[in-house]
1. Write down, largest first, the equivalent ellipsoid semi-axes of the range B:5-236 in whole Å, where each equals the square root of 5 times an eigenvalue of the alpha-carbon gyration tensor.
2. Could you please state how large a percent of the accessible area of the range B:28-179 is carbon and sulfur, counting protein chains only and using a 1.4 Å probe?
3. With θ taken as phi - 60° and the coefficients 6.51, -1.76 and 1.60, list the Karplus ³J(HN,Hα) couplings across the range A:98-108 in order, rounded to whole Hz; mark glycine and proline as x.
4. Cα-based Rg (one decimal) and Dmax (whole number) for the range A:88-163, in Å?
5. Quick one: divide the alpha-carbon radius of gyration of the range A:115-226 by 2.2 N^0.38 Å and tell me what you get.
6. Looking at the range B:92-114, which residues lose a minimum of 50 Å² of accessible area between their chain alone and all protein chains in place, measuring with a 1.4 Å probe and not counting ligands or nucleic acids?
7. When the accessible area of each residue in the range B:291-308 is compared between its chain alone and the complete protein assembly (1.4 Å probe; ligands, DNA and RNA ignored), which residues differ by at least 30 Å², being lower in the assembly?
8. Please name the residues of the range A:171-205 whose accessible area, counted over protein heavy atoms with a 1.4 angstrom probe, falls by no less than 40 Å² between the chain alone and the full protein assembly.
Amino acid sequence: MRGSRQAAEQPIDHSKTHSRTNRQESRDHMHKHTSEFDPHLKDPVTKPPLDPHLKALENEAIHIFREVAAEFENPVMLYSIGKDSSVLLHLARKAFYPGRVPFPLLHIDTGWKFPEMIAFRDEMAERFDLDLVVHTNPRGQEEGIGPFSHGSAYHTDVMKTEALRQALDAGKYDAAFGGARRDEEASRAKERIYSFRTPDHKWDPRNQRPELWNIYNGNIRRGESVRAFPLSNWTEVDIWRYIQAENIPLPPLYYAKNRRFVERDGMLMWAEDPRFQPLPGEQIQEGMLRFRTLGCWPLTGGIRSTATTLDEVIAELEIATVSERQGRAIDRDQAGSMEKKKREGYF
Amino acid sequence: MTAPANTAALAEVQDLPEAEAAKAVKDSRPLRLITCGSVDDGKSTLIGRLLWDTKAVKEDQAAALSRDSGKQNDLGLPDFALLLDGLQAEREQGITIDVAYRYFSTDRRSFIVADTPGHEQYTRNMATGASTADLAVLLVDARAGLLEQTRRHATIASLMGIKQFVLAVNKFDLVSYDKSVFDRISHEFKELALSLGVRQITAIPMSALKGENVVYGASTIMPWYDGPTLVQALELATIRTATAGGFRLPVQRVSRPGESFRGYQGTVAGGSIKPGDSVAILPSGMVANVKQIVTFDLVRNAAVAGDAITLVLDRQVDVSRGDMIASLDGQPMTGLGFDAQLVALQPGGIEPGKRYWLKAGSRRQRVVVQPVSQLELSSGKWKPHAETLAMNAIGKVRLSFDELAVFDTYEQNRATGAFILIDPDTNNTVAGGMVTAKRSDLGGIHREGERVLLSLPADLAEELMASEAFAARRDDVDIRRISGQRSNEIFETPD
Ligand SMILES: Nc1nc2c(ncn2[C@@H]2O[C@H](COP(=O)(O)OP(=O)(O)OP(=O)(O)O)[C@@H](O)[C@H]2O)c(=O)[nH]1
Ligand SMILES: [Mg+2]
């Protein structure tokens, strides 16, 4: 595995440079640079340099962020609170430093997210002085749509895909950043960095614009939009190694903790929400559990794990024999289901 | 904070000699490669097999693969191409339509591979993959040999700056592992490569499906072959570095978070920079010095090609998005006319006289394209061609701008010599191009109502005036004798 040794050598002690930052400090950040130009005033040795592979990925992502921010009138960043979103947010802050992140973050709340995710989201918005927009589909909320009563596919359609379309239309956003990676899934592997969408948010995978070098075509008509993916070329291992190298804060769900769960359809389902109902014959178990991806808790399978630190999570990952999407109910419905969802406007 | 970390941090931002910098990064940056060649030659199967044999396929993905495979071959092997052909239309038709990007690694290095479609209709997607690659794996079906599409792909790859080729003579299991077939095809390819100026070639007889000479050798079946497997060849390939040449920073955006800070944000596209260096802002030509290089992590004392930075200058100058900040000595070319090669990517082709958008770096401007010649793939010869360049054509063209454009040649700098053309009617990307030279003549930009100022030696002027065409329109012409120095002054001033 590339770089695992290097990753292990990184000291963690300067994590506080970022995690301690609050609203006040982030303004100071800017202030420091606007008034002082002596490099020695800011301790130049805040952390060891990134290895060239991660550095190249970081540079590429920053380039994409800046290009979209400069070319589009009204960009937004999809923020789904997971590890990829956390990396995305960190890169956005880097890209526009010493300025603020110049666009809002949009979270589509289905009402079925882990409470730890919501708490984390609000903490980040506060700490980094972000404009956070939260949207829940009012129709779905009114009709009480959920994964148990209506099935995972319908729930996802209404509470995620439809909700996203509503929020993007309401905000008149002409560009939306997402944290999707090409290594996640076979149809994602085909997607451009600037992924063109029709006015009704459709993706046409058979007619994507050619995308040569790092020259991106941002020409669109009114109503059309672009989804931009700064993390396209990152793998899951890259994400984790970068989180470690940069001390990026993550929701605690990524670390193993004693949690209550049941085994349902081969998936370990979190069972601590009041809306959780055991099926006949189902045993609530208790044990060390963590999550490789985050989403709606009824659709997100946990894994048995003892990894309570980043080092341990990465060590487990490097010997993992199944992919990260394995725990996700939405991808298992049928082959090509992700492509279908994306064509309909799913992120 | 430990002392070793300290030195490491400083080492990174110091101005390393170029050769050393290249050596230091050689193995940890991924090698970018493409597979290309004619339709059905086994490109996706090869990459699928490569992922399989390097253990990059996880258990759940392997289970999905055997579930989806059906009866694809008589060998009882899974259809490895399905690991790549992820779109429904691709699975239905059994072909690749769009480029897929995959990531894998061996003990020695990591790779980003772009599996491109062989079908001629989707050449644009092959070009997409080729534009960023360091190496091309060109596949040939051992039974068919080199086809026109093989030549097209080899040509596009080489035009786009790929200097290293692996020739994979594939489906070797279907020609009884016959050495003479391998010799014939690799000889034929070497001639093609020579005409393209490609010198680094590794030819490998292969069965992508059975995994022979992909990750594992096949010496029992092909004892006569003692060259590397595909993976060995890839591990030995080199990655280009763009640190040579002058400093280039295409300005993406101007950062003004407060009254006293003004920074120019962009990705260094060539060379290196440090505080105190003198730079020119192009196309205006204004001069300033670098005051500071700002990044989120630290104020750096140097930046090199590839770094995404924010540059602060020592004085108030007018810099906006699309400008290029370049080292004062060793500037790129600035002008209204350039020669270029391009690949036409869409059904409408590239029309002479039409005004396109050209995007290069962060700069977008209007351009008129005049085709000059077109490459004939069967002979490898450039044939005069002034009409529309049809889809998939490779042409030499002249670019004429209304406003000054800034380029290096693609040969010198891949980042500042490349451009795309956007059709203003459809907004689609219709061509990918590479600048070959700045043009000093103004041929091909004839437009109604415009005038052209020529400055030529008096004897040549006399000759021209004696011509029939000139004499016929003598009344339309203004002539004045001026000094060489005055002529220079006029032509140096941009209008
Ligand atoms: N016998 C044999 N069959 C092969 C080999 N490699 C590929 N094939 C078969 O050739 C067919 C085409 O393979 P693909 O990998 O889809 O070809 P491709 O070059 O990716 O095709 P496009 O992307 O559509 O241009 C499939 O049926 C493969 O099983 C090989 O080494 N031996
Ligand atoms: Mg293919």
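1. 29, 22, 19
2. Answer for the range B:28-179: carbon and sulfur cover 44 percent of the accessible area.
3. With coefficients 6.51, -1.76 and 1.60, one gets x, x, 7, 5, x, 8, x, 9, 10, 10, 8 Hz.
4. 15.1, 48
5. Against the empirical 2.2 N^0.38 Å value, I get 1.25 for the range A:115-226.
6. B:Asp98, B:Tyr101, B:Tyr103
7. B:Lys291, B:Gln292, B:Val294, B:Phe296, B:Asp297, B:Leu298, B:Val299, B:Ala308
8. SASA drop of 40 Å² or more in the range A:171-205: A:Arg182, A:Ala186, A:Ala189, A:Lys190, A:Arg192.
The values are calculated or read from the model by the stated rules, or taken from the named source; none is laboratory data. These figures come from a predicted structure and were not determined experimentally. We place every Cβ from the backbone using ideal geometry, glycine too, and count neighbours over all the protein chains shown. Note: accessible area is taken over every heavy atom of the protein model, side chains too, but ligands, DNA and RNA are not part of it. Shrake-Rupley method; radii C 1.70, N 1.55, O 1.52, S 1.80 Å.
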